[in-house]
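Please read the structure below before turning to the comments.
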Amino acid sequence: MEKLLLITPPFLQINCSYPATAYLKGYLTRAGYTVEQCDLSIETIEQIFSAKFLQKVFETWNADTDDENIRHIYAQKDRYCATIDAVMAFLRGTDPTLAHRICSGTFLPQAGRFKSIGDTESAFGMLGSTECARYICTLYLQDLSDYIRATISENFEIVRYGEQLAAAIETFDQIEPEIIAPDNAIERVMTELLEKQLQRSQPTVVGFNVPFPGCLLAALRCARYIRETRPEIRIVLGGGYPTTELRNLSDKRIFKYVDYIVLDDGEIPLERILSGGELVHTYTRDGYHSADAPLSHAERGCPDFSGLPHDKYVSLLEVTNPMHRLWTDGRWNKMVLAHGCYWARCAFCDTSLDYIGRYDSVPAPMLVDWMEQIISQTGSHGFHFTDEAAPPKILKELSLEILRRRLNVTWWTNIRFEKSYTEDLCRLMAAAGCIAVSGGLEVASDRLLKLMNKGVTIHQAACTLRNLSRAGILSHTYLMYGFPTETLQETVDSLEVIRQLFSNELVQSAFWHRYAMTVHSPSGQHPELFGVRRRSDALHPFANNEIRFVENRNYNLKAAGESLNTALQHYMYGYELERPVHKWFTGKVPVTTVEPTLIADCMIEPDTARLYDEKRRIIWIGSLPQRDEEGIVLFDQAEPRHLKFKPEEADFLMDLIRSIADLSRTTTLSEAAELFQKYSESSFLALYLSKKWDILRSYGMLHI
């Protein structure tokens, strides 16, 4: 009988498990197959950052180098070996009392990364010792990573391995020498752990998930080891990297190390490999098997995180920014609310690929069922919904279902900053546990947003960010520079929009990236529609993703990008927000043409949820009020609030609120108006438009 071992290769995130193998295991186990999974990434990290490993590294290398920082680390080798195990225990959460010693500044050795530490007291305050200690430990690990990179392998980084090598491989010649090179100390640890896992699992098939270029080299080195020691085991390569980069594979030398390369969703292809059935969207040495068998999101089902080492993940704090830290801090259960993107039209996005272009969702009760199952598997109540863009309709129903079940969870996700996110929807999401969102504003220029078919305007995005902010939800925005036809004026104006968003505290963090034209995006498939042309239509024999293109640009794009990033690093910590944006750029640049009150004007616009719409649903998410002689009494964390109403109005409100507090029932404003007429002959609209109704909304009445 076939037995499958699914492996996440080094190196990926270390604060929580990547969900790909969990989804595959969940589906295939329910289908009756024997499946185990292994996070070789965190297992290897645990061994590398240990006294045993560091001792060997320091003993086998002499500090004969011109690099002063490396010599400095080597000189403190005994202190590193004495403290590393304690640091890792602290970062795993098993020894929180160590925070006080770490924050003292004398417990841990320090090297080059600590030069930028700044004032930790102002960043964390008097009560932030745990966060401050985690930040210090992260710098400590980064110093050690610099040493490992200088003395063992330049390919090493904490969350990636050989990424630059794998980022653009035109032919297999560019990576094969690294695959067959003698093992270094890191790779020896990796293969020793792999060997132990193979002995425990005794698989007949091994599948490597390669979501990013930074996992490819380690996956292929592991595959080479299996090929040499257990040639009878069949090896599968799948994940985001082959799905995006190996779709036009003609260089077959990779099949010396693997038997199958799976594109797109892996559930059905793996099931066919295990059952001996017809292969679907799978490469073999014989060529591409293009038959397809789409799997619905409901059929994919709940991921299964059992068997993963949840006690070994460590939380790093690379930056003090409260939003930016979420990617590395916290043990989040990663989960997808819907397959694909409900918008799937952005010109820069790989919309022709199945994982984006084929949208499919499931009802909210099923999603919350899955969340409860995952909590039982991992013990964690935190969720990161990793959708390309979580649909607002699903987030509304998901939030209602979480509140119905009184499920205490914390979550964040990626969204589009569209008009559906009213203030009341954002408040509902916050009540259900949403703490943060990320989303693409890209180039903050309405002309370019329209050209790239983003489907939002700066005004819409600003209003949505305002609503999120008022609900207490943090926001991160992805930014882009260098989109075809973007002028220097538009680049300066984009920075001004971002400055205003930070100044008005509507975003807490952001990230600029340079536009890349890809083969699977609308702009890559039809570049002439965007004012540029491809340098060549020829395909590389191995990986194909980013396209080189020719454009007419009369300014230094690299220099502009550096200026944008410098400004952004200041904005994320509240610095230099009054500085004119053109002064961030080198050379002569135009001043901004953006109105200085563009974002501030959006702050004072009425929220659309307040506009009367008889079809709009109303709910109550606060504490139930009480009736008194003069009206009703409202409750929140502060003092009770007494509101005077006519007796018939108070009776109506008590009846209405009891009804709409039952989130399993649906009550519209039209139905509320009908109920009001049973108590009073007055106008319901007059009550709705009153100041008292706004007070009711602030205590828990939402229009969604």
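Any read-out appearing in this document is the output of simple, stated calculations on the displayed coordinates, not a laboratory observation. Remember, it's a predicted structure, so these values are computed and weren't measured experimentally. Because the Cβ atoms are built from the backbone with ideal geometry, glycine has one as well, and the counts that use them run over all protein chains shown.
List of remarks:
- Gained length - Asn556 relative to Ala673, 0.36 nm times residue gap less alpha-carbon distance: 36.0 nm
- Between the amide H of Lys334 and those of His384, distances stay under 5 Å, these residues lying 5 or more places away or on another chain, with hydrogens modeled in the peptide plane.
- Separation in nanometres of the label points that stand 7 Å from Cα toward Cβ, at Arg149 and Glu528: 4.3
- Residues Val262, Val633 in ascending order of nearby Cβ atoms (within 10 Å, fewest first): Val633, Val262.
- Modelled spin-label separation between Thr29 and Asp628, with each label point placed 7 Å from Cα along the Cα-to-Cβ direction: 5.5 nm.
- Contact order relative to length of the chain, as percent, for alpha carbon pairs under 8 angstrom and 6 or more apart: 11
- Cross-link partners of Lys644 among lysines, defined as those whose alpha carbon lies under 17 angstrom from its own and excluding same-chain residues fewer than eight positions apart: Lys691, Lys692.
- Dipole magnitude for the stretch 305-358: computed about the Cα centre from +1 point charges on Lys and Arg Cβ and -1 point charges on Asp and Glu Cβ, it is near 100 debye.
- What you get for the stretch 47-158, charging only the Cβ of Lys and Arg (+1) and of Asp and Glu (-1), is a dipole of about 320 debye around the Cα centre.
- Positive-pole candidate from Gln525, Asn414, Trp332, dipole of the stretch 324-603, charges at beta carbon: Trp332
- The lysines whose alpha-carbon is closer than 20 Å to the alpha-carbon of Lys583, local same-chain residues fewer than 8 away aside, are Lys558.
- Sequence-distant residues sharing a close amide H with Val314 (under 5 Å, placed H): Asn15
- Restricting the stretch 660-704 to trypsin sites (Lys or Arg not before Pro) that sit in a DSSP loop and have at most 14 other Cβ atoms within 10 Å of their own Cβ leaves Arg665.
- One decimal place: the segment Thr485-Tyr359 gains 42.3 nm when fully extended, by the rule 0.36 nm per residue minus the C-alpha distance.
- Per-residue HN-Hα couplings for the stretch 344-358 [Karplus 6.51, -1.76, 1.60; θ = phi - 60°; Hz; x = Gly/Pro]: 6, 10, 5, 5, 8, 9, 7, 5, 7, 8, 4, 5, 10, x, 9
- The stretch 612-703, relative contact order in percent, only Cα pairs under 8 angstrom and at least six apart counted: 38
- Computed on the Cα trace of the chain, the radius of gyration divided by the Kirkwood hydrodynamic radius gives Rg/Rh = 0.99.
- Remark: Lys393, Lys25 ranked as Lys393, Lys25, counting other beta-carbon atoms within 10 Å and listing the fewest first.
- Efficiency of FRET between Glu232 and Asp183 - r from beta-carbon atoms, R0 25 angstrom, step 0.05: 0.65
- Local electrostatic count at Glu299 - Lys and Arg +1, Asp and Glu -1, tallied over other residues with Cβ under 14 Å: -1
- Inter-site label distance for Thr204 and Ser250 at 7 Å from Cα along Cβ, in nm: 3.7
- Based on the Stokes-Einstein relation at 37 °C and a viscosity of 0.692 mPa s, and on the Kirkwood radius from alpha carbon pairs, the stretch 243-307 is assigned a translational diffusion coefficient of 252 µm²/s.
- Hits among lysines - C-alpha to C-alpha of Lys615 under 17 Å, sequence gap 8 or more where chains match: Lys393, Lys396
- Each Lys and Arg contributes +1 and each Asp and Glu -1, all at the Cβ; summed about the Cα centre of the chain, the dipole is approximately 60 debye.
- Working note: Karplus 6.51/-1.76/1.60 with θ = phi - 60° gives the stretch 241-258 the couplings 5, x, 4, 8, 9, 10, 6, 10, 5, 10, 7, 8, 5, 4, 6, 5, 10, 9 Hz, where Gly and Pro are set to x.
- Here the convex hull built on the C-alpha positions of the stretch 1-92 has a volume of 132 cubic angstrom per residue.
- Couplings for the stretch 133-144, taken from phi via the Karplus curve 6.51 cos²θ - 1.76 cosθ + 1.60 with θ = phi - 60°, read 5, 5, 5, 5, 5, 5, 4, 4, 5, 5, 4, 4 Hz in order; Gly and Pro are left as x.
- Residues Ser623, Ser475 arranged by fewest to most Cβ contacts within 10 Å: Ser623, Ser475
- The stretch between Lys646 and Phe114, if pulled fully straight at 0.36 nm per residue, gains 185.0 nm over its current Cα-Cα span.
- Paramagnetic reach from Arg345 (point 7 Å along Cα→Cβ, amide N under 15 Å) across the stretch 502-544: 522-523
- Computed E for Thr106/Ser683 - FRET, C-beta separation, R0 56 angstrom, nearest 0.05: 0.20
- Taking amide H atoms as placed 1.01 Å from N in the peptide plane, the amide H of Arg160 lies under 5 Å from those of Phe11, each 5 or more residues away in sequence or on another chain.
- Our summary gives the stretch 47-158 a relative contact order of 25 percent, counting only alpha carbon pairs under 8 angstrom and 6 or more residues apart.
- Beta-bridge orientation, the chain: approximately 35 percent antiparallel, per DSSP, counting only bridges with both partners inside.
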